[in-house]
Protein chains: 4
Amino acid sequence: MARYDFASDNVAGAMPEVIEAVARFNSGFTPGYGADAICARAADLIRGLLDTDAEVRFAASGTAANALTVAALAQPHEAVIAHRHSHLATDETGAPGFFGSGVGIIGLPGASGRIDPAALEAALAKPDEAHWQAPAALSLTNATEYGVLYSEAELTALITPARAKGLKAHLDGARMANAVAAGFDPRAPGRLGVEIMVLGGTKAGATPTEAIVLIDKSLGRRFGARLKHAGQLISKGRFLAAPWIGMLETGAWSARAAHANAMAARLAGAMPFALAHAVQANAVFVDMDEAALVRLRETGWFVYRFIDGSVRFMCSWATTAESVDELAAALRSIA
Amino acid sequence: MARYDFASDNVAGAMPEVIEAVARFNSGFTPGYGADAICARAADLIRGLLDTDAEVRFAASGTAANALTVAALAQPHEAVIAHRHSHLATDETGAPGFFGSGVGIIGLPGASGRIDPAALEAALAKPDEAHWQAPAALSLTNATEYGVLYSEAELTALITPARAKGLKAHLDGARMANAVAAGFDPRAPGRLGVEIMVLGGTKAGATPTEAIVLIDKSLGRRFGARLKHAGQLISKGRFLAAPWIGMLETGAWSARAAHANAMAARLAGAMPFALAHAVQANAVFVDMDEAALVRLRETGWFVYRFIDGSVRFMCSWATTAESVDELAAALRSIA
Amino acid sequence: MARYDFASDNVAGAMPEVIEAVARFNSGFTPGYGADAICARAADLIRGLLDTDAEVRFAASGTAANALTVAALAQPHEAVIAHRHSHLATDETGAPGFFGSGVGIIGLPGASGRIDPAALEAALAKPDEAHWQAPAALSLTNATEYGVLYSEAELTALITPARAKGLKAHLDGARMANAVAAGFDPRAPGRLGVEIMVLGGTKAGATPTEAIVLIDKSLGRRFGARLKHAGQLISKGRFLAAPWIGMLETGAWSARAAHANAMAARLAGAMPFALAHAVQANAVFVDMDEAALVRLRETGWFVYRFIDGSVRFMCSWATTAESVDELAAALRSIA
Amino acid sequence: MARYDFASDNVAGAMPEVIEAVARFNSGFTPGYGADAICARAADLIRGLLDTDAEVRFAASGTAANALTVAALAQPHEAVIAHRHSHLATDETGAPGFFGSGVGIIGLPGASGRIDPAALEAALAKPDEAHWQAPAALSLTNATEYGVLYSEAELTALITPARAKGLKAHLDGARMANAVAAGFDPRAPGRLGVEIMVLGGTKAGATPTEAIVLIDKSLGRRFGARLKHAGQLISKGRFLAAPWIGMLETGAWSARAAHANAMAARLAGAMPFALAHAVQANAVFVDMDEAALVRLRETGWFVYRFIDGSVRFMCSWATTAESVDELAAALRSIA
């Protein structure tokens, strides 16, 4: 059977600290729907990590967490600006439009998944007319789909002109652990006044859980109803909170992301194909023609060709140096 | 702090068989989004339990599982018939309308959460006009919100006239484990030709997971896209499947539901207040005035007053005979 | 063929002043989508009538005008309070849920279509929880579905407690012309601070047009996009505006409504059946058993049995005294 | 004030035959909501024109007619293929996503608004996965946004491979009158088995009305409820039907479109700027730099720059040879 180790960062299970915490917080009776002490403790830890007095809720999937928070920032006749290769724009089967009742996505270009400031400027300059969905929010992804980072200054350079036009800022942090492990300050979103951040648990190594961080607490009004209406108010809320306690109390959230990043660097160092994007987090993208990809898959390693045409290798908390070296050997054999 | 033991069947954690299975299936790499061998094995077990060749998918919440399957059976300008006290009608913060883009609910009366056949007949006789949302599906709940059972004959008596009018049948089985433990044949839905059944995992004692059973396999077309669009295609799908393996391979799914039912019977036997509904599954509803409920809460036991005005006590896999006896003593002290 | 004269107030064509205005404003070229001088002039006339500095837009149907303005006041996980027999609640095939992506309706009782203040008080006192759609707006209808009026004081008595709980006020004025002709001051909604009012054109005697009056002008932001998104930004906007000029410049809007009201009074005076509601506007509701209704229909007059079980006779600008007398004779013949 | 004569084909009023018919069918009482003899007669005339036994309904705007019919062909987690410059894709403020609860648009390239068959083939070859919205329908526009025609053979070449993949066919005929006047056989859509066609009234010279032609009559089930739910079941339905009687009984629908086409040809013949697209219907698109457009507007003529960068001049039933000559003179003066 094919080996999926590098196909994505969601092909791994959960890190030991998560499994331990799930078992630890399993006992006893608690109120349902997120009103329990375990959820409160996880929220405290997240507020501590981000150094912000946010309201914190949990959702069971990144698709839902991103789509429903976008819907909280833009009305159905409005749009959200996002990178045209962002997960929001390309890989959610239209979920933002579903949660947002037809809300639009304005996809902008930019190298390695970072929105080009000039493209943003042009989009913001477009007159506000009845015949198109004008933007109400700007969604940024850090680390990007291509495994590179926005610096805080780069985020500022995008958020500032957007805010001047009345847009709210949304941060998709599905791989924020990898960004933080690579040097991004987790307190930056709070300083930048990002209204909503989705903090990734699943890809960091949890069982299914994402944290919705409402840095603008006024958005928290009736948010429980918003979650329930959208099928995301999980009754046994403890199981979405416990993983965060396991990951944050121990520091494993960022420590294991640092490992994933190191595995990507190791793979990049041994890579016989040209890198398509800088390797700053846990992803390695390379230029590889179809014949080479077929040969690679014939060696048993399954990986995907991505939207931009390059081939993607993802590392995670579970990636081992041995598997990197095995893969590198296979790559050399078919290069 | 208040004791929530009897407040609901979702105030408990997960049964040991579930925690064990989550840990057991945690290792190794698998494809994402439900395309893995763990999901396939769980689906096989569910098909075996139900003795039907259904397509089986998983969702992270009962709200979502019920609302999105209802939306698969009725168009936005149509409605679903359900009991007027059903979870679908009263306790989902409008989720069916959200997932179904305004789909309507026609709430019918009937004792103890079972739809009255005469009320159904009247609803089905209403002419099909443009000025109201005519029904496209009939949703039934077994065990009902009030902890009583439909027999297979009673289900037949409702589904047959509905089908004659072109309606599809939907079965909310959030507490199907309790129904099965009480004697309901899990093969009945397949025999009855129910198009979609939601088989409850969470309330049975799992970490968050519900099984969507598409007995009408034609409804499975593009169902993965439907799930993803609605934020319910969990990337690490194994964590929604493993609990089912743990519960079904061991027989714990129904065995522990039998325990929950027995605890409800024990409580009913010791109950100093009049029963509001027959006790057939894991719920005990009693007539209790507000002053008595306040006194009960003052003893430390938190329970809810339900829609019909009675007070509800729920038992689960985690309920102990000792806690039932403690509660019964408290009840006697305030009766 | 059956005579529909009294079946509704939309079975009539348009009054001569409307047909004249449509023809008059037909010539020449104008910008599209409501940005023309004809729309501006109609909006001025409406602001004058209501004595309020509102933003005024037009829609092609009352269903759409009401449903999309409700959606502008309540989010999908919230609800709107309305009379349980209101058009919004009972006669829109779920349109509010469609335009509002699942927005809920909380239907309250009250005699003759006027919400009972005690019922409102109880609804407002319900705690704001995640498990139901809490109200964000109060929708009132004047004249009501049963042809009676709210006085300004009665509206105040409902809007004041609702506003104290943060709800916005919405006024369905499909039959406002009849209310004004019966003595209701058209300046009252502005004084009361109703956020949005739908001012009825069609039932008053126009070709299809309703005016959306945004008394809270902040709701006007991107309202053109909201209309277009919902299929209600008519390209040849002049044809939704011209009827208003025809009706308001001449005073026919209220004068012909006064005629309709007088016809209802004439019918009530000659009515051999007991009145079910006070006759204050253009409707007459009577108690009539099914056999009598069948006999009436056999005489050629088609009218509807309404939600409350009574039989409804509607008068309009086009109703003649002769037809009232003919109908009255038929009624006497079958009484 | 600027002259809008050529800004669009909706800046004109209604043709005399329409105004006459509106007045003619204004008298008397009729059932509401499209159940009247006037609607039946208009539907008969449309079926005669198209030589097909379709169900015919009416809507008040093209945006609504197209968006709600697309929603009848594709589910929310699916998409519709359309030309990337089609009205559906670019000029509806996201209405398809609103009516279709997030339904996607797959925008394909092709010269002059006609979908490139190779691009369609590539789109149809894309595997059907859960992670994107796979197509359920193909929407074609004739005449296209750029005023050129698909021949019946060209439509066949697109519909045949789409149908082989299970897609339904949708035809946006907002300017079908111009296409027919240019030689397109109105019986072609029926022969081709197009499931739904929207037949344009407004741009042809009517007051607001579009005909929804359900060539696949099975789609007509509960279509009245679908219209009402979406705010498009106009109570005084006669006013959406009468214009069609006026236009079709007299032949003015196509005769006046032939005039519009002739005016476009006259303008093209006198045009000092290079044509950007062939002139086959009522539109003239030219290459004109921004400075020239500014100069033209300074002469008082207001026209739009279109999505493809060219400048658009639209003719209609109301365009006069004199105004064409005046405009041509102005164009020569600034060329």
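For chain C, what D do you get in µm² per second when you plug the Kirkwood radius from alpha-carbon pairs into Stokes-Einstein at 4 °C and 1.567 mPa s?
On the way: Rh = 20.3 Å.
Taking Rh from Cα pairs, D becomes 64 µm²/s.
Were the residues from residue B:27 through residue B:321 laid out at 0.36 nm apart, the gain over their Cα-Cα distance would be 102.2 nm. Amide H contacts of residue C:236 (H built 1.01 Å from N, in plane; Pro and chain starts excluded): C:33 sit under 5 Å, all sequence-distant by 5 or more or on other chains. Volume per residue for the range D:99-170 equals 96 cubic angstrom (convex hull of Cα atoms).
The mean count of C-beta atoms from other chains within 10 Å of the C-beta of residues in C:8-16, rounded to a whole number, is 6.
Would you tell me the mean number of C-beta atoms belonging to other protein chains that fall within 10 Å of each C-beta in D:122-134, as a whole number? Could you put the intermediate results ahead of the total?
Working: counts 0, 0, 0, 0, 0, 0, 4, 6, 13, 10, 7, 10, 3.
Mean inter-chain Cβ contacts per residue within 10 Å come to 4.
Can you give the mean number of other chain Cβ atoms that lie within 10 Å of the Cβ atoms in peptide C:45-54? Intermediate values should be presented prior to the final figure.
Details: counts 0, 0, 0, 0, 0, 0, 0, 0, 0, 0.
Average neighbour count from other chains, rounded to a whole number: 0.
When the alpha carbon gyration tensor of the range C:175-219 is reduced to an equivalent ellipsoid, its three semi-axes come out at 19, 15, 5 angstrom, largest first.
Scalar couplings 3J(HN,Hα) for the range C:306-312, obtained by applying the Karplus form with A = 6.51, B = -1.76, C = 1.60 to θ = phi - 60°, are 9, 4, 7, x, 7, 9, 10 Hz; x denotes Gly and Pro. Measuring from each Cβ of chain B to the axis that turns chain B onto chain C, the shortest distance belongs to B:97, 2 (residue, then whole Å).
With label points defined 7 Å past Cα in the direction of Cβ, position residue A:121 shows copy-to-copy spacings of 4.3, 6.2, 7.5 nm, given to one decimal and shortest first. Debye-formula intensities of the range B:189-244, expressed as log10 I(q)/I(0) at q = 0.12, 0.15, 0.28 Å⁻¹, are -0.32, -0.50, -1.17 (one equal scatterer per alpha-carbon, no solvent). Each copy carries a label point for residue A:274 at 7 Å from Cα along the beta-carbon vector; from one copy to the others these points are 3.5, 8.5, 9.2 nm apart, nearest first. For residue D:3, the amide hydrogen comes within under 5 Å of the amide hydrogens of D:301, D:302, counting only partners 5 or more places away or on other chains and with H modelled in the peptide plane.
Between C:268, C:134, C:164, the residue with the greatest mean-square fluctuation in the GNM of chain C (Cα pairs under 10 Å linked by springs) is C:164.
Using only Cα atoms, what is the ratio of the radius of gyration of the range B:1-129 to 2.2 N^0.38 Å? Walk me through the numbers on the way to the answer.
Values: Rg = 19.1 Å, N = 129, 2.2 N^0.38 = 13.9 Å.
Taking N as the residue count of the range B:1-129, the ratio is 1.37.
Histogrammed with a bin width of 5 Å, the alpha carbon distances of the range C:211-335 distribute as 2, 10, 15, 16, 13, 9, 11, 11, 8, 5, 2, 0 percent, first bin at zero.
The helix-only estimate of mean residue ellipticity at 222 nm for chain C, built from DSSP H runs of length n ≥ 4 each weighted as -39500 (n - 2.57), is -12000 deg cm²/dmol after division by the residue total. Reported value for the range B:123-206: 105 Å³ per residue, from the convex hull of its C-alpha atoms.
Using 32 Å as the Cα-Cα cut-off, could you pick out the over-long pairs in B:126/C:228; A:126/B:236; B:165/C:168; B:228/D:168?
Numbers: B:126/C:228 35 Å; A:126/B:236 40 Å; B:165/C:168 41 Å; B:228/D:168 23 Å.
Violating the 32 Å limit, Cα to Cα: B:126/C:228; A:126/B:236; B:165/C:168.
In whole percents, the pair-distance distribution calculated for the protein assembly as shown from its alpha-carbon pairs, binned every 20 Å from zero, is 10, 37, 36, 15, 1.
What is the mean projected area of the alpha carbon convex hull for the range D:55-128, to one decimal in square nanometres?
On the way: hull surface 22.6 nm².
Taking the Cα atoms of the range D:55-128, their convex hull projects to 5.7 nm² on average.
Take residue A:287, push a point 7 Å out from Cα through the beta-carbon direction, and compare it with the same point in every other copy: 3.3, 8.3, 8.9 nm, smallest first. Given a 10 angstrom Cα cut-off, can you work out which residue in D:67, D:136, D:291 is the most mobile in a GNM of chain D? Fluctuation is largest for D:291. When chain C is treated as a GNM with alpha-carbon contacts under 10 Å, the residue of C:131, C:87, C:259 showing the greatest mean-square fluctuation is C:131.
Extents of the range C:176-280, largest first, come to 52, 30, 26 Å (Cα atoms, principal axes, whole angstrom).
Values in this text are rule-based calculations from the coordinates and carry no lab data. This is a predicted model, so every value here is computed, not measured. Reconstructed Cβ throughout: ideal geometry from the backbone, glycine too, with neighbour counts over all protein chains shown.
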